């Protein structure tokens, strides 16, 4: 029985790895053909000084750190401002929203609202840092603030980090995602790890497509 389960698990990992990279590559090519990707790059560059892409250290599978890519949606230096506010205790490090800052550019507000800012993570998927489906990658300070001296919380994070972080996850396709705290999101991530399968991946994928096409119906 154990051998059969291991074989199924290994087959799932191999299939998902190949499917992830193929799907991400095809989507990236499509975004250049449309050409949404180059248009967004141009608009970001025309509106404000600074890089087109924004990179941030995130925690991946097995606690490995990687550079997560996004389209830059805020003025240069805004990230430093947010970190200072968190350090001073003005912002909850586990449940803050970047919308607390007014430093979004015009195009930044649009790509943030439509989640277009996340599209460069297709490159992370091709590189093997991320998967299409999986818990959203979090930052080290979020882990530090959640874990602290709790063995149970540390165990939850370790379990969450058994799989690659993803572009889409359970809480992103939930109707009450805006009101979810870190604890609730983490429990959904653990639920994904417990139920991980191609069926669950397809459920989340189709729910994600539905959210994009019909954002007011979730």
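The values are calculated or read from the model by the stated rules, or taken from the named source; none is laboratory data. All figures in this text were calculated on a predicted structure; none of them were measured in a lab. For neighbour counting, all protein chains shown are included, and Cβ atoms are generated from backbone atoms with ideal geometry for every residue, glycine included.
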Could you please let me know if residue 129 is in contact (Cβ under 8 Å) with a residue 12 or more places away in the chain, under 14 Å from the mean Cα position of the chain (by Cα) and more than 20 Å from residue 26 (Cα to Cα)?
no
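Filtering the range 125-150 down to residues that are part of a strand (DSSP E or B) and in contact with a helix residue (DSSP H, G or I) (Cβ under 8 Å, 6 or more places away or on another chain), which residue is farthest from residue 20 (Cα to Cα)?
The extreme case among them is 133.
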Within the range 173-182, is even one residue at pLDDT below 90, under 13 Å from the mean Cα position of the chain (by Cα) and surrounded by 17 or more Cβ atoms within 10 Å (Cβ to Cβ)?
yes
Kindly indicate the residue of the range 106-123 that is in contact with a strand residue (DSSP E or B) (Cβ under 6 Å, 6 or more places away or on another chain) and crowded, with 19+ Cβ neighbours inside 10 Å and also nearest to residue 169 (Cα to Cα) among those meeting that condition.
121
Selected residue (only one of 122, 167 is closer than 24 Å to residue 74 by Cα and outside any helix (DSSP H, G or I))
167
Of the residues in the range 28-60, those that are in contact (Cβ under 8 Å) with a residue 60 or more places away in the chain, exposed (fewer than 15 other Cβ atoms within 10 Å of the Cβ) and assigned to a helix (DSSP H, G or I) number 2
Restricting attention to the range 124-153, which residues are exposed (fewer than 15 other Cβ atoms within 10 Å of the Cβ) and modelled with pLDDT of 95 or more?
127, 128
Those residues that are outside any loop (DSSP other than H, G, I, E, B) and either surrounded by 16 or more Cβ atoms within 10 Å (Cβ to Cβ) or within 18 Å of the chain's Cα centre (by Cα) (or both), I need them from the range 154-164; list them, please.
156, 157, 158, 159, 160
Looking only at the range 71-94, decide whether some residue is surrounded by fewer than 13 Cβ atoms within 10 Å (Cβ to Cβ), at pLDDT 85 or above and farther than 23 Å from residue 178 by Cβ.
no
